[in-house]
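Remarks on the structure that follows.
Nothing in this text is a laboratory measurement; each read-out follows from the coordinates by a stated rule. These numbers come from a predicted model, not from an experiment. Cβ placement follows ideal geometry from the backbone for every residue including glycine, while neighbour counts extend to all protein chains displayed.
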Amino acid sequence: MKIKSKLLILAVLGACASGAIAEPLRIGDFSRKANQGALPDGWELREKFGRANFSLCQVDGYNALGLRSTNTSFCVQREVNADLAQYPILSWKWKVTKLPERGDFRSSKTDDQAAQLFVAFSKTQFIVYIWDTTAPEGYAGDAHTAPFITVKVVVVRSSPAQSGKWLTETRNVAQDYRQLYGGNGKPPVVRGVRLQINTQHTRSSAESYFADLAFQQQL
């Protein structure tokens, strides 16, 4: 009886170990600053229009990246290596305190957002999750991009109704990829992420914060 009990315990422990949930692949907790208080290691700044205005700060207890734009466009980005077969879920926290006036990604003349989270599968294929001013929540479509580049847009939040609050988002990127790009096969590996803000089209201003970006296993 004692031998059987030990074998049963070992079997249960083995089953628990085999079904254990892997640690999330954390890509942005923004708790560590680089030299001279710039971006954390691995992140880089890209200015597209005007001068960038960003900061690493503590907001409501969160280590956050703050983005502020007045008639500018810039992003911070980093390389990642996230296999969606293992880590299909992307989670993050964001807070928008000011949205661009009349912002609406559906027109190139008003394509400004306070908060954009790009997921890059290659140099030419992206999904971007946005908080838009006007386009309705849940809407999906194509962004206005350069030739040979495809950016699928998903409006996760819209309007200032929930501005000023920290919101936690979770997206099944593998599922989104299949729905937006078609096919039932294995999605490509995620090669990079980008956090972006822009207001140059509407000539207005915006402010947002990001925290706790991570890829994780199926919830």
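Below are the figures for this structure:
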item: Subset tally (residues that are crowded, with 17+ Cβ neighbours inside 10 Å and more than 22 Å from residue 205 (Cα to Cα)) for the stretch 126-151; result: 3
item: Residue selected from the stretch 152-167 under the condition within 20 Å of residue 98 (Cα to Cα) and among the charged types (D, E, K, R), by the criterion surrounded by the fewest Cβ atoms within 10 Å (Cβ to Cβ); result: 165
item: Residue in the stretch 168-186 that is surrounded by 15 or more Cβ atoms within 10 Å (Cβ to Cβ), touching a Ser or Thr at 6+ places or on another chain (Cβ under 7 Å) and either among the hydrophobic types (A, V, I, L, M, F, W, C) or in a loop (DSSP other than H, G, I, E, B) (or both) present; result: no
item: Enumerated strands (runs of 3 or more DSSP E) restricted to the stretch 46-90, each holding at least 2 residues that are touching a residue at least 40 places away in the same chain (Cβ under 8 Å) and crowded, with 19+ Cβ neighbours inside 10 Å; result: 62-70, 73-82
item: Residue count, the stretch 187-212 (criterion: of a type in the set (S, T, N, Q) and in a strand (DSSP E or B)); result: 4
item: Selected residue (criterion: nearest to residue 61 (Cα to Cα)) from residues of the stretch 137-167 that are part of a strand (DSSP E or B) and charged (D, E, K, R); result: 157
